[in-house]
1. Working only within the stretch 212-240, note down all residues that are modelled with pLDDT under 80, open to solvent by 70 Å² or more (accessible area, probe 1.4 Å) and in a helix (DSSP H, G or I).
2. Can you name every residue in the stretch 261-288 that is of a type in the set (Val, Ile, Thr) and within 14 Å of Glu162 (Cβ to Cβ)?
3. Which ones in the stretch 323-353 are among the β-branched types (Val, Ile, Thr) and either out of contact with any helix residue (DSSP H, G or I) (no Cβ under 6 Å at 6 or more places or on another chain) or modelled with pLDDT under 90 (or both)?
4. Output yes when any residue across the stretch 155-178 is closer than 30 Å to Asn271 by Cα, loosely packed, with under 10 Cβ neighbours inside 10 Å and modelled with pLDDT under 75, and no when none is.
5. Checking Thr309 against (1) buried (at least 16 other Cβ atoms within 10 Å of the Cβ); (2) among the β-branched types (Val, Ile, Thr); (3) assigned to a helix (DSSP H, G or I), only one condition comes out false. Which one?
6. Does at least one position in the stretch 137-144 carry a residue that is over 30 Å from Thr278 (Cβ atoms), of a type in the set (S, T, N, Q), in a helix (DSSP H, G or I) and over 58 Å from the mean Cα position of the chain (by Cα)?
7. Name the pairs whose Cβ atoms lie under 9 Å apart, with the first residue in the stretch 349-373 and closer than 15 Å to Gly323 by Cα, the second among the acidic types (Asp, Glu), and 6 or more positions between them or separate chains?
8. Taking the stretch 374-390, which residues are in a helix (DSSP H, G or I) and either touching a strand residue (DSSP E or B) at 6+ places or on another chain (Cβ under 9 Å) or touching a residue at least 24 places away in the same chain (Cβ under 8 Å) (or both)?
Amino acid sequence: MIGQFLGNIFSGFAKNFGYATSGLAIGGLQTVNAGRQLEYNKQRDAASFKLATARLQWEELSRRKSLDFQCEQNELNRRLSAEMAWTNQLLTEKEGILNRELQEKWKRIDHDFRANEGQLTRENAIQLANFHRETLICLHEKQKELQLELKRIDFQIALEIELLRRETSLATIVEQRRANNWPLTLDQGQLLVQSDSTSLLPLRILISPPVLRHDPMGIPESARSFPEIETSLKTKLREFVQQFEQRQRPIAFLPGAWISKKFHGEAVFLNIFQGLSTEPTLIIDASLERGRYFLDYCFWAIGWSKPNTGTAFTDSWREALFGMTKARLQVWKARRDAYEAREGNTTGFDQVFGTKLVEKSLADLQIIERERQAYAIGEDPSQLPGRDYTILEADTEAFCDYIRCSIVVGGMAADEYF
């Protein structure tokens with residue numbers, strides 16, 4: 001609006017100024033007179049007046065616009081202040097709400113933390129207990145490993161000591177054989193077998209049968225009627241040894257090593273122990289004395305200062321053998337009686353066994369009857385004279401099974417060693 005107003009003023013001024021210059025040009029400079037000059041002055045004054053008037057109008061308009069602008073600005077400031085006051089109030093209210101929410105949230109967090117703190121404490125206690133238990137288990141395992149290592153070291157040291165003692169044992173055995181006090185036929189290489197230092201030494205088993213067929217001292221008269229069981233005992237003991245060897249338990253079974261039955265008893269055991277104290281050994285000594293059978297044993301392992309000796313079994317071998325014969329005769333008599341009851345005679349039955357064996361069997365049955373009568377009147381049947389039973393091979397086999405308790409002794413010693 002102000003720009004348009006100023007434009008009108010200046011356009012009128014330009015028109016008047018154009019008219020004046022054109023008039024001067026038409027009349028020429030020479031015809032300019034004082035009237036024209038006066039007219040020009042009037043027009044100039046009028047133009048100046050218009051210009052001054054326009055300036056005043058513009059200043060007034062500017063003042064009004066400035067007042068209007070200030071009013072609008074004041075109004076805007078008031079509105080802005082009110083808006084800011086409202087905003088501050090809203091922010092204050094929001095801040096209070098947020099503070100309350102934050103406080104409530106903090107309370108919940110603090111409550112949850114305190115609630116979880118006990119759970120964490122319990123979990124930590126459980127973890128600590130588990131760690132303590134695992135530590136104890138680990139320490140126990142380490143202790144076991146250490147104990148095993150100590151045992152291995154002890155075994156290695158003991159083995160080295162035994163190897164040194166073996167050298168002394170060799171010299172002792174040689175000296176004993178020179179003095180004819182050594183009861184075995186084995187030489188040094190057979191007795192002290194070289195073995196790996198980390199392997200288990202084999203258990204040596206020496207057996208002295210009740211009767212040696214090739215005894216250089218001969219067989220005593222009281223033992224001549226004793227059944228030959230030397231081979232049977234060797235066979236059964238060898239079967240027993242094979243069972244242990246199949247389970248990786250080394251046993252050195254040395255049958256036939258005994259020289260003579262003149263070597264028996266604990267004195268011989270100690271003599272052998274002195275020479276073989278470094279070798280795990282079992283000695284089974286079966287002997288006869290006044291009709292009785294004795295089974296003695298001697299056993300030692302590595303590091304033993306003295307052997308373990310004792311008597312495992314004793315019995316009247318003659319009465320035991322007769323018992324096997326009586327049992328066979330009772331069965332034979334029952335079968336013969338059954339045949340007679342069925343056929344009316346025993347001819348066919350007796351022909352099978354032969355006249356000689358039948359006569360001996362009938363005589364043995366008469367001995368059994370005499371023993372029964374003696375027992376009925378309170379007498380000891382074993383003291384009757386003429387108790388000469390006919391011993392058959394079956395009786396001997398049954399008797400061998402009866403006295404094979406040496407196998408039990410061997411098993412007990414082997415179990416103790418291994």
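1. Across the stretch 212-240, the qualifying residues are Glu221, Ser222.
2. First, the residues of the stretch 261-288 that are of a type in the set (Val, Ile, Thr): 268, 272, 278, 281, 283-284.
Scanning the stretch 261-288 gives Thr278, Thr281.
3. First, the residues of the stretch 323-353 that are among the β-branched types (Val, Ile, Thr): 325, 331, 346-347, 352.
Listed by number, the residues that qualify are Val331, Thr346, Thr347, Val352.
4. So far as the stretch 155-178 goes, yes, one or more of its residues are closer than 30 Å to Asn271 by Cα, loosely packed, with under 10 Cβ neighbours inside 10 Å and modelled with pLDDT under 75.
5. (3)
6. No.
7. What qualifies is Asp364/Asp388; Ile367/Asp388.
8. Here is the first cut: in the stretch 374-390, the ones in a helix (DSSP H, G or I) are 374-376, 381-383.
Scanning the stretch 374-390 gives a single hit, Ser382.
The values are calculated or read from the model by the stated rules, or taken from the named source; none is laboratory data. Since the model is a prediction, treat every value here as computed from it, not as a measurement. Counting neighbours? That spans all protein chains shown, and the Cβs are built from the backbone with ideal geometry, glycine included. When the accessible area is computed, the model is the full protein with side chains, heavy atoms only, and any ligands, DNA or RNA have been set aside. Shrake-Rupley method; radii C 1.70, N 1.55, O 1.52, S 1.80 Å.
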